[in-house]
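Engineer: I have a structure I would like to understand better, so I am pasting it below and will then ask my questions one at a time.
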Amino acid sequence: MGRPRRFDEDALLDAAEDLFWSRGFDGTSIEDVSAATGIGNGSIYAAYTSKMGLFVAVLDRYCDRRAAFVETTLDATDGSAKQAVGVYFDAVIADCGSHADRRGCLMLNTLAHMGDREPAVTSTIGRATRRMENAVEQRLREPGLDHLPEAEISALSAHVVMVSQGLIQLSRLGTPTQRLREIAAVSADLLPTA
């Protein structure tokens, strides 16, 4: 049994997430994380073994939170599946606007930069994406939509998640909020109603 950690793990992961998200994996060192947190390099290596170990812990937590964001937003919305997806798209757009540096999504940035070289990264992002799609699928199984074939529900769910990720990327490019809302509205209107 290893020694208990003598630092605030959430604070460490928050600081590391901010650094990895704004600078990328290659642009962030353990020394950077140590300087930002005041936690010694040795303690970080003892807890996570390597920079990749720390990064995977950060990414896993980030992905879990993003999937929970989708689930919570869709679950909290009364009304039809179409309305819930519209609220979800609005929440994504609002979240994008809350980052003045337009850093995008740590999940998408990571997949683009290192998904092909780190199986743990691809696996973590794949699990989160499936959770997001499953949350949408649950809303699309509402009464009145039970005539939809499973393959169509699955494809529509993947489409909703893909559109939300596209909105994040467009925001990163500086697309105005009004344009993002127009795209979201058209996409939500494609969904069937009960």
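The values are calculated or read from the model by the stated rules, or taken from the named source; none is laboratory data. For clarity, every value in this text was computed on a predicted model and none was experimentally measured. Every residue, glycine as well, gets a Cβ built from its backbone with ideal geometry; the counts of neighbours run over all protein chains shown. With ligands, DNA and RNA removed, areas are computed over all heavy atoms of the protein, side chains included. Shrake-Rupley method; radii C 1.70, N 1.55, O 1.52, S 1.80 Å.
Engineer: Where in the stretch 6-67 are there helices (runs of 4 or more DSSP H), lying fully within it, with 3 or more residues that are among the charged types (D, E, K, R)?
Structural biologist: 9-23
Engineer: Also, quick follow-up: Go through the stretch 149-164 and count every residue that is in a helix (DSSP H, G or I) and open to solvent by 40 Å² or more (accessible area, probe 1.4 Å).
Structural biologist: Total satisfying the criteria: 7.
Engineer: If we scan the stretch 94-108, do we find a residue that is outside any loop (DSSP other than H, G, I, E, B), open to solvent by less than 20 Å² (accessible area, probe 1.4 Å) and either out of contact with any Leu (no Cβ under 9 Å at 6 or more places or on another chain) or farther than 22 Å from residue 64 by Cβ (or both)?
Structural biologist: no
Engineer: With 138, 165 as the choices, which residue is in contact (Cβ under 8 Å) with a residue 40 or more places away in the chain, farther than 18 Å from residue 79 by Cα and of a type in the set (S, T, N, Q)?
Structural biologist: 165
Engineer: Right, here's the next one. Residue 174 fails exactly one of the following numbered conditions: (1) open to solvent by less than 50 Å² (accessible area, probe 1.4 Å); (2) under 24 Å from residue 56 (Cβ atoms); (3) of a type outside the set (A, V, I, L, M, F, W, C); (4) not in a helix (DSSP H, G or I). What is the number of that condition?
Structural biologist: The failed condition is (2).
Engineer: Among the numbered conditions (1) more than 15 Å from the chain's Cα centre (by Cα); (2) under 23 Å from residue 178 (Cβ atoms); (3) polar (S, T, N, Q); (4) modelled with pLDDT of 90 or more, tell me where residue 29 comes up short.
Structural biologist: Going through the list (1) more than 15 Å from the chain's Cα centre (by Cα); (2) under 23 Å from residue 178 (Cβ atoms); (3) polar (S, T, N, Q); (4) modelled with pLDDT of 90 or more, residue 29 breaks only (2).
Engineer: Would you point out the residue of the stretch 109-148, among those that are of a type in the set (Gly, Ala, Ser) and within 14 Å of residue 158 (Cβ to Cβ), that is surrounded by the fewest Cβ atoms within 10 Å (Cβ to Cβ)?
Structural biologist: Ranking the qualifying residues of the stretch 109-148, first place goes to 126.
Engineer: Same structure, new question: Within the stretch 183-192, how many residues turn out to be assigned to a helix (DSSP H, G or I), open to solvent by less than 80 Å² (accessible area, probe 1.4 Å) and not polar (S, T, N, Q)?
Structural biologist: 4
Engineer: With the structure loaded, tell me whether residue 179 is open to solvent by 20 Å² or more (accessible area, probe 1.4 Å), within 30 Å of residue 50 (Cα to Cα) and not small (Gly, Ala, Ser) or whether it fails that test.
Structural biologist: no
Engineer: OK, next. Give 61, 5 a once-over and let me know the one that is at pLDDT below 95, of a type in the set (D, E, K, R) and out of contact with any Ser or Thr (no Cβ under 6 Å at 6 or more places or on another chain).
Structural biologist: Answer to the check: 5.
Engineer: For the subset of the stretch 1-56 comprising residues that are touching a residue at least 12 places away in the same chain (Cβ under 8 Å) and hydroxyl-bearing (Ser, Thr, Tyr), which member is least open to solvent (accessible area, probe 1.4 Å)?
Structural biologist: Taking the candidates together, the pick is 28.
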